[in-house]
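Step one of this worksheet: look at the structure below.
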Amino acid sequence: MFAKGQTVIQLFEQLAPKHYAMADDKIGLQLGTLQKDIRKVLVALDVTDAVVDEAIAAGVDLIIAHHAIIFRPLAHLQTDSPAGRLYEKLIKHDIAVYIAHTNLDVAEGGVNDLLAGQLGLQELTHLEDVHTEKLQKLVVFVPETHHQAVLDALFKAGAGGIGQYSSCSFNIPGTGTFLPQEGANPFIGEVGKLERVAEVRVETIVTTSVQRRAVQAMLKAHPYEEVAYDLYPMDLKGRVFGLGRVGKLPAAMTLRELAAHAKMVFDVPAVRVVGDLARPIRKVAVLGGSGSRYVRHAMFAGADVLVTGDIDYHTAHDALAAGIALLDVGHNVEKVMKRGVADYLAAQLAKTQTQVIASELSTEPFQFL
């Protein structure tokens, strides 16, 4: 059985929820529909003419990409323009395009974690904190006979996480009362007769990203026709998510050695370096995409070098004067997300017939001579 488009995206958004994205970022479904079976998903960095041709040849129904194809509201859709021809080709072949940008940068296991992993960084922290998970207290009353089943459903759906602990809950036995009215179909009791039932008050924590899934799982496992439950907002803060990563190399190396290491692990033909090539490097900040405005963040984090892309001339001079090294590995280095996302999504869809492939094409616009 093939997965529906909405199911594919729901599974993907467990990795990179939309609310992780920066304000005004162009993410989500940008073209096509998810109301269809998805036979094959293509994960790409960019959606170019060549990538669309690759998708058509492979029989792809959905492209999940990092960089948007629509950046601003369309004033027209002329099919004799480069963008118009691209949209026309996608529509004619019924290929939907879904974009995950800064939400995938921020996500644990997303772009920046993948880049840090390629470099071998350890003891990771965020370069900049951008999102704190909101927490709610979920309270539900369940008959003793179904207490464990409801708990199991909640925990499987992701409820009950506090810091480094999972499956956290508080359970209080008591007596529930209810009187089924005319037209009710009670699991316990009779219409018109007051019932007293041994129940358990279950309290647990849910985050914004799992709230809907946890409530649905709880309702499915609960035997009652009408389930009594409450959600309370909490002042307690959840996990913090951020852009970029800062970590330590397993062993110090010179800036020259780090540049050579980055070229190899990122599979790039060249890097631009700012700083003394003989300088010892141990603490490294890494950020996918354009990193010019994060140089000071890297300095405040105590990093010896910032590894990123698209460093401009004046930022390079400022970094040189401030004493922090820079390693510009190019924006296209974010191609690491293709394999990372494809592997994640393939595992999530393993019980379906839907296939997930990573684009094999390079969308690097530059040639290095």
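The values are calculated or read from the model by the stated rules, or taken from the named source; none is laboratory data. Bear in mind the structure is a predicted one, so any value in this text is a computation, not a measurement. Counting neighbours? That spans all protein chains shown, and the Cβs are built from the backbone with ideal geometry, glycine included. Ligands, DNA and RNA are excluded from the accessible area calculation, which covers all protein heavy atoms including side chains. Shrake-Rupley method; radii C 1.70, N 1.55, O 1.52, S 1.80 Å.
Where the second residue is surrounded by fewer than 17 Cβ atoms within 10 Å (Cβ to Cβ) and the first is assigned to a helix (DSSP H, G or I) and lies in segment 7-20, which pairs have Cβ atoms under 7 Å and are six or more apart or on separate chains?
That search, which allows pairs on different chains as well, returns L15/G109; K18/G28; H19/T208.
In this structure, does A58 turn out to be under 29 Å from M1 (Cβ atoms), in contact with a strand residue (DSSP E or B) (Cβ under 7 Å, 6 or more places away or on another chain) and open to solvent by less than 50 Å² (accessible area, probe 1.4 Å)?
So A58 passes the test.
Would you be able to tell me the number of residues in segment 287-321 that are more than 16 Å from D105 (Cα to Cα), in contact with a strand residue (DSSP E or B) (Cβ under 6 Å, 6 or more places away or on another chain) and among the polar types (S, T, N, Q)?
Here the count works out to 0.
Find all pairs meeting these conditions: Cβ atoms under 7 angstrom apart; at least six residues apart or on different chains; first residue within segment 166-184 and assigned to a strand (DSSP E or B); second residue open to solvent by 90 Å² or more (accessible area, probe 1.4 Å).
Every condition considered, the pairs that remain are T175/R196; T177/L194; T177/R196.
Considering only segment 268-297, how many residues are in contact (Cβ under 8 Å) with a residue 60 or more places away in the chain and either in contact with a helix residue (DSSP H, G or I) (Cβ under 9 Å, 6 or more places away or on another chain) or open to solvent by 70 Å² or more (accessible area, probe 1.4 Å) (or both)?
Taking segment 268-297 and keeping what is in contact (Cβ under 8 Å) with a residue 60 or more places away in the chain, we get 268-270, 284-289, 294, 297.
Then drop every residue that is not either in contact with a helix residue (DSSP H, G or I) (Cβ under 9 Å, 6 or more places away or on another chain) or open to solvent by 70 Å² or more (accessible area, probe 1.4 Å) (or both), which leaves 268-270, 284-289.
Count: 9.
Tell me, yes or no, whether segment 210-218 has at least one residue that is in a loop (DSSP other than H, G, I, E, B) and modelled with pLDDT under 95.
Yes, there is a match, as at least one residue in segment 210-218 is in a loop (DSSP other than H, G, I, E, B) and modelled with pLDDT under 95.
For segment 128-144, does any single residue satisfy the condition of being closer than 29 Å to Q216 by Cβ and assigned to a loop (DSSP other than H, G, I, E, B)?
The answer is no, given that none of the residues of segment 128-144 is closer than 29 Å to Q216 by Cβ and assigned to a loop (DSSP other than H, G, I, E, B).
Out of all the residues in segment 25-43, which are in a loop (DSSP other than H, G, I, E, B), surrounded by fewer than 16 Cβ atoms within 10 Å (Cβ to Cβ) and either of a type in the set (D, E) or modelled with pLDDT under 95 (or both)?
The answer is K26, and nothing else.
Name the single residue, out of those in segment 112-156 being at pLDDT below 95 and either aliphatic (A, V, I, L, M) or open to solvent by less than 40 Å² (accessible area, probe 1.4 Å) (or both), that is nearest to M253 (Cα to Cα).
So the residue we want is V130.
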